[in-house]
Structure formats: C-alpha cells, structure tokens
Amino acid sequence: MVESKRIEIPVGGKVVTIETGKYAKSATSSVTVRCGDTMLFVHCCVSKEPRVGIDFFPLLIDYEERMSSIGRIPGGYNRSEGKASDKAILVSRLIDRPIRPLFPKGYRNDIQIVAQLFSYDQQNQPDTLAMLGASTALMLSGAPFEGPVGAVRVSKIDGQLIANPTHQEADKSDLDIVVAGTYDSVIMVEAGCNFVTEDDIMEAVEFAQVEIKKQCEAQLQFAKECGVEREEFVNPYDTTELKNLINEVAHDMIFDAYHNFDRAYRQNKLDEAKKLVKEKVEALPEDHYINQIIEETGIDFVAEEFKAAEKKIMRAMIMDEGVRADGRKPNEVRPIWCEVGVIPRAHGSAVFTRGQTQILSVATLAGPGMAQELDGVDPETKKTYMHKYIFPGFSVGEVKALRGPGRREVGHGNLAERANVPALPSQEEFGYTIRVTSDVIESNGSTSMGSTCASSMALMNAGVPVKCMIGGVAMGMITEPDREPVVLTDIQGIEDFLGDMDFKVTGNDDGITALQMDMKAKGIANDTLRRALAQAKEGRLHILSKMREVITEPAKELSQFAPRIFTMNIAVDDIGLVIGPGGKNIKGIIEASGAEIDIQDDGRVTITSNDKEGADIAIHMINQLTFKPQEGMVCKGKVVKIVQFGAFVELAPGKDGMVHISQVCKERIDTIEGKLNVGDVVTVKIIKIDERGKVSLTIKGVTEEEAANCQ
C-alpha cells in the first residue's frame, strides 16, 4: 500500500489540496497540488554535491502545460507541445523570483523544480498553485531553503477583494495582482491593472499577506508531519583573508572610483584596482589558502569579493552621504530626451533615452487576420496587440551572437506589453492588429521601463487612438540592519546589481497599469513599499512630462504606408457563399484585390488594403457574391443575351434579370437591335420579382437622378 500525506489550505473560499508520497518517488520530493479540477504535479530534485567552477546558485525552474489538461491535441505539424510558450516561461519566472533570494550565500548545489499542469478547469488559475507547490516541494526536500513562501492572486469586484479569482472573475476586475512572500514580508509582486491607485495596490498586498501567512503555516506543519529536517548550510570557504587583502590593496581606489561620477573613469579605475588585487593574489605561495580554494572549486573568489567590496562602498555612499554612483540624489531621475517618427517607412516609431539607456520602438499596423493565434490552455485564444523586446550584446558593449529571446527578454517584453494594454482602444474602435518591437540600443538599467515609454510614444506616432500616454520607472532600495531603508528612483544597472530591490511601476498621471517587484533581500516592509509607490509616482510624472515635450496626442492621420481598414456587413447565411467551396471565392477576391479579408461569425467583414482601389475591388466582388435583388433597386448590369422580346442583364454573377422590349425606350420599338448589344453596361431598376424569383427590369423607368446616384 502507498502511504501518502496531505493537507488542505483554504484560499479565497476554495480549498487547495497538497498531497505527497504517491508519485515520482525517485525525485528528492514531489507534491500534487489541486484546486477544483486544476491539478499540477510539482517535483524537486536537489543534487548531493555542489557544482564545481560556478559563481552562482544553479536553480532551474520549468513550468509545463499539457494540452491534454483541457482535452485537446496540440496544433502544429508535429502535434506536440514543442518548446516552452511565452506563458510557460512567464510562469517559470514567477515561481523562480520569490524562491531564489531565500537560499544562503555560497550554496551551489543544483536544484531543479518541474511544475506540470495535467488538468485544467480553465477557472482556477494554475500559476499561484504552481508557486505554492514549488515552495512545498522545497520544504519537503530538506534543502537549506529559508522559506516557506506563499503566493496568492488578488482581484477586486464590486469593491470586494477576492483571493485566487477564476479567469472569469479576474477579467471583470481592474486589478489583477500576484503577491508572494514569507510569513512576515513581501518578496515579489506582479500586477496588471486598469489605472488603479497606489492605495488600491497596498490594500491588495495587505489582503494577500493574510492568505500567504495561512499557506506558510500549513507548509511548516506539513513538513513537520512528514518528518523532514532542513539541512543547515555553512559556507565551507572562509574568504576573510581575501576580503582583508582587497580592503588593504584596493579600498581607496574603489572609493575614488565611486566618488567620480564619470562612468568610464569609474570602470577604468575599478579594472585597475582589480588587476592590482589579482597580482597580489598571484604573488602568494601556491599552497596559500586563497589559491587552494580557487584551485579546488574553480570559483573566481577574487571577482566575487571584489564585487562585495564595491557593493559595500556604493551602499555606504547612499546611506551615509545621500549620493548615488552617478551623483544623483535618491529621488532624482536621469536626464531624458526623446524623439518620434525616426524610421521613414515605419507606421510609427520613437526613441526614448534616459541616461545611458536608449530604446527604439517601432509600431506596425495590420488587419485583424494578423492577430496572434494562441495554442495554449488558457481561455484566451488570440492577441491583437503584441510587444517584442530585443536585447542585443552591443547595447552593453559586448560581442554576443544574435539569438531568439531568452527568459529575461520574454519577461521584459511582457511587462512593457501589459503596461500599455489598458490605454489601447477596443477592437470596435480601432480594428487593427498592432505589433511593437523595442530594440535596446544602449543599456544601463531599466530597459523594460524605457521600452514601456518608447512603445507608448510609437503608438501615438502611428496614430493609434490610445486613451493616454503611459510611462514607467524602476525603483531600487538599499537596506542596512537597524537603519531606515533608502528608496532609489530610476535605478541604473549597478544599483540593480548591487541593490536590494528591483521595483517597476507603469501608468499615466492618475493610475497604475502594471507593476513588478523583485527582492534580493528577504522581503520588504509594508511601510517601505508604500513609500516606494509614492516615490515611483513622482518619478513617473516627471518622465511623462519629458515625453510630452515631444508628443502630446496621437497623430491625426495614419502613415501613408499603413494599411487602411474598411468594414461591411453581410448576412450570416452568405458567409459560406463568400468563402466558396474550399475557399475558392475568397481566394479569388484576395488575388484580384490584393486585400486581406477577415470574416467574423456575425457577418462582419474586415477588408485591409494598402490602397483604396484594392479595397473597392474587394467590396464590389463581395457585394456581387451576396447580391439579393429587391423591388425598386437601381443597379448597373451587363447585357448577356438578346432575344426577340427583350434582353437579359447580369446583375451579379449567377443573378440575371430581363428587360422586356417595352421597357427599353420611352418610345415604342419593334426590335432590340440597334438599341442594346451583348456586353453593354446599362443602368436598370427592378420593377418586379415573381413568386419563382424571376426578376423584371426597366431601363426607361430609371430617372436621371437615380442613374447619377447609381455606382
């Protein structure tokens, strides 16, 4: 018999069940997480020995979605899930971010967490369940994880906050926020909002913390019931002597480097100091302890401790002197300049430059047929707004092969995309599919926020009728024991790398549209978070004012190179007729007109064309296919047959009517010859449709005004 253990955790009026002991018993630990009919398997493997020759913590998180979880076979040629989707990458990052800071310095054992979604009811969202399962699996693994971590999504409907809302509930809310933290502090926040206030964010965070505490208590109790003893990790390598050497040889040079606000001077001075330290280390005897541990582990302890010395001096400058590495005050934003319309043939473009971070965003418009089809498990099946973030090596002066986007690029692109979505017009207002690419031309911190700003301006330059301009700012924090934390506005790269927080906030003058917070320290107090939000708003308003010096509203006209969209409606019964057998008719229209045709289930037809002539051809051909004669209608037609008593006129393909000889001229005639010829185009009026559908036409009954108005 299989012996298993389980716990039940109430979250937002629902019950989350976590069970262990039944499956994947060769893994270090494994749990099954279930809420409703959404069920995940989460597995954790911890290597017994540290990996040699690395200077980082090798944590790998993989989130996988099975299409079988919703009873579907994947699309695509191979009918397999293939590489991880952007959604899977984003959830993997969501799991990673609150867990990574909670491992001790120097721990280098490989840890992999695999979260697999095997059943999905498309109501209970799996991402927070995967986060909870990952924390629980780590707690049961015995690794020196300084958790547990709880995670909860919060939405607000009719003034009431809801924990772990369903997809349907979250779609109705102006607030969709995921909060993760320990028993007493917040570590990560991820939010997409519809112009909510800072107070709304704090209310949701404090609400989430109540649920997070329940989850943490339950995990601690569960680990105790399972008899798990957490490993006590003590860093086996004492680098005190190396620290002292660096302090003796390089302290004054590092101090000088950081007190000179020229970036090139600082980097050269630091390189000089590091070279001097390495020479001193190399001069030590081979059997010296420092050389021994470097040889034994393959770890560059010199670089590691030199960076620690930099960190100490930089943080002391901020805490004690109120001065940052580039000379700014804590709440000061770097110099900004912007421009729009920089790419001649693009539909819209903008450059946003803040300090040494520069982004080029380009907006491209297309018809609804170019919407991105999503072959995933979520209810959302397509996207009409896409943002792609591109980070080449040259942006930081490095030689780096150009490859597809990594996890970081996917995450940054998604954040900038979420930031601008609330400002976009509806599809009814503006039927285009929109794609924005943001190329990082130069990087020194906060490129995702630069992409947010540049994207907003590019959309406006393209003439997209956005509701407002969107700006973004990245906040940082420096903490020291028993001292008030210092919140930094618009952090540069070194402040992100050596600081304790990366907190990005986007929005307009009045409200927040997206938010992402990651902690390198073990959490943030609510008072400090509230202060960071207030300071972020000040920074955001300043950035928006600089953007408005270049553009204040969407362009009145679309670019001459942008396609135009025309819409018309046909009867639902005529959709099959327009498409034709095997798509024959619609392919013919596209070939003849050069236009893109998209037909909705309700009969709305969207015609996207780069010129009006092509659109007119498509509209005419669709009208011809769906033509339905009505008495009193005036239209043009081609004479296709002459008979003794009249002429047959083609009103539309396959739809003829007859002009009796008495209806050709006002005067009486005995023959058609000389009056009408096959191939003539004539203006006719429908005077009768009999019970068999036969159409009688008149030429003489058409007035001059009716003929002039007939197209």
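Can you name the residue in segment 1-34 that is under 15 Å from residue 134 (Cα atoms), of a type in the set (A, V, I, L, M, F, W, C) and within 29 Å of the chain's Cα centre (by Cα) and is also surrounded by the most Cβ atoms within 10 Å (Cβ to Cβ) among such residues? Taking the candidates together, the pick is 33. Restricting attention to segment 182-213, the residues that are closer than 15 Å to residue 163 by Cα and surrounded by 17 or more Cβ atoms within 10 Å (Cβ to Cβ) add up to 12.
Determine, yes or no, whether residue 218 is assigned to a helix (DSSP H, G or I), small (Gly, Ala, Ser) and modelled with pLDDT of 95 or more. It is true that residue 218 is assigned to a helix (DSSP H, G or I), small (Gly, Ala, Ser) and modelled with pLDDT of 95 or more. Checked against (1) surrounded by fewer than 19 Cβ atoms within 10 Å (Cβ to Cβ); (2) part of a loop (DSSP other than H, G, I, E, B), residue 559 passes all but a single condition, namely (1).
Name the residue that is farthest from residue 710 (Cα to Cα), counting only residues in segment 657-676 that are without any contact (Cβ under 8 Å) to a residue 12 or more places away in the chain and of a type in the set (Lys, Arg). Across segment 657-676, the extreme among qualifying residues is 668.
Which residues, counting only those in segment 692-706, are part of a loop (DSSP other than H, G, I, E, B) and touching a residue at least 60 places away in the same chain (Cβ under 8 Å)? Within segment 692-706, just 702 meets the criteria. With respect to the conditions (1) part of a loop (DSSP other than H, G, I, E, B); (2) of a type outside the set (Phe, Trp, Tyr); (3) closer than 20 Å to residue 56 by Cα, residue 260 lacks only one, and its number is (3). Just one of the numbered conditions (1) in a strand (DSSP E or B); (2) under 19 Å from the mean Cα position of the chain (by Cα) is not true of residue 378: (1).
Can you spot a residue in segment 346-356 that is assigned to a helix (DSSP H, G or I) and modelled with pLDDT of 90 or more? Before the answer, list the steps.
Taking segment 346-356 first, the residues assigned to a helix (DSSP H, G or I) are none.
Within segment 346-356, none of the residues are assigned to a helix (DSSP H, G or I) and modelled with pLDDT of 90 or more.
Of everything listed in (1) surrounded by 19 or more Cβ atoms within 10 Å (Cβ to Cβ); (2) within 21 Å of residue 92 (Cα to Cα); (3) modelled with pLDDT under 95, the single unmet condition for residue 173 is (2). For residue 438, the stated conditions hold: it is assigned to a strand (DSSP E or B) and either touching a strand residue (DSSP E or B) at 6+ places or on another chain (Cβ under 8 Å) or of a type in the set (Phe, Trp, Tyr) (or both). With respect to the conditions (1) hydrophobic (A, V, I, L, M, F, W, C); (2) assigned to a strand (DSSP E or B); (3) over 18 Å from the mean Cα position of the chain (by Cα), residue 401 falls short on a single one, namely (2). Inside segment 520-536, residues that are within 22 Å of the chain's Cα centre (by Cα) and more than 22 Å from residue 417 (Cα to Cα) make up a count of 0. Can you tell me which residue in segment 184-204 is farthest from residue 103 (Cα to Cα), limited to those that are outside any strand (DSSP E or B), of a type outside the set (A, V, I, L, M) and touching a strand residue (DSSP E or B) at 6+ places or on another chain (Cβ under 9 Å)? In this case the residue turns out to be 197. The set of residues in segment 492-509 that are modelled with pLDDT under 95 and either aliphatic (A, V, I, L, M) or part of a loop (DSSP other than H, G, I, E, B) (or both) comprises 492, 494, 498, 499, 500, 501.
The residue pairs whose first member lies in segment 107-129 and is farther than 17 Å from residue 28 by Cα, whose second member is among the basic types (Lys, Arg) and not in a loop (DSSP other than H, G, I, E, B), and whose beta carbons are closer than 6 Å, counting only pairs six or more residues apart or on different chains, are 128/153.
Out of curiosity, is residue 112 over 22 Å from the mean Cα position of the chain (by Cα), surrounded by fewer than 21 Cβ atoms within 10 Å (Cβ to Cβ) and farther than 14 Å from residue 33 by Cβ? Criteria met by residue 112. List the residue pairs whose Cβ atoms are under 9 Å apart, where the first residue sits in segment 557-573 and is under 17 Å from residue 593 (Cα atoms), the second is in a helix (DSSP H, G or I) and among the acidic types (Asp, Glu), and the two are 6 or more positions apart or on different chains. So the pair list comes out as 566/616.
Which of the residues spanning segment 608-656 are among the small types (Gly, Ala, Ser), in contact with a strand residue (DSSP E or B) (Cβ under 8 Å, 6 or more places away or on another chain) and either within 16 Å of residue 696 (Cβ to Cβ) or free of Cβ contacts under 8 Å to residues at least 12 places away in the same chain (or both)? Once the filter is applied, which keeps residues that are among the small types (Gly, Ala, Ser), in contact with a strand residue (DSSP E or B) (Cβ under 8 Å, 6 or more places away or on another chain) and either within 16 Å of residue 696 (Cβ to Cβ) or free of Cβ contacts under 8 Å to residues at least 12 places away in the same chain (or both), segment 608-656 yields 632, 637, 646, 647. Residue pairs whose Cβ atoms lie under 6 Å apart, sitting 6 or more positions apart in sequence or on different chains, and linking a residue in segment 15-28 that is in a strand (DSSP E or B) to a partner that is buried (at least 16 other Cβ atoms within 10 Å of the Cβ) and of a type in the set (D, E, K, R), are 17/34.
Kindly indicate whether residue 595 is touching a strand residue (DSSP E or B) at 6+ places or on another chain (Cβ under 8 Å) and either surrounded by 18 or more Cβ atoms within 10 Å (Cβ to Cβ) or touching a residue at least 24 places away in the same chain (Cβ under 8 Å) (or both).
Numbers: touching a strand residue (DSSP E or B) at 6+ places or on another chain (Cβ under 8 Å): yes; either surrounded by 18 or more Cβ atoms within 10 Å (Cβ to Cβ) or touching a residue at least 24 places away in the same chain (Cβ under 8 Å) (or both): yes.
Here the answer is yes, as residue 595 does meet what is asked.
When every residue of segment 331-350 is checked against the conditions, none turns out to be farther than 29 Å from residue 539 by Cβ and not assigned by TED's automatic domain parsing to the domain that holds residue 462.
So for segment 363-375 (the condition being over 30 Å from residue 119 (Cα atoms) and part of a loop (DSSP other than H, G, I, E, B)), does at least one residue qualify? Yes, segment 363-375 has at least one match. Set side by side, the residues 59, 94 differ, and just one is among the hydrophobic types (A, V, I, L, M, F, W, C) and surrounded by 19 or more Cβ atoms within 10 Å (Cβ to Cβ), which is 94.
The values are calculated or read from the model by the stated rules, or taken from the named source; none is laboratory data. Since the structure is predicted, the reported quantities are computational estimates derived from the model, not experimental observations. Glycine gets a Cβ as well: all are built from the backbone with ideal geometry, and neighbour counts include every protein chain shown.
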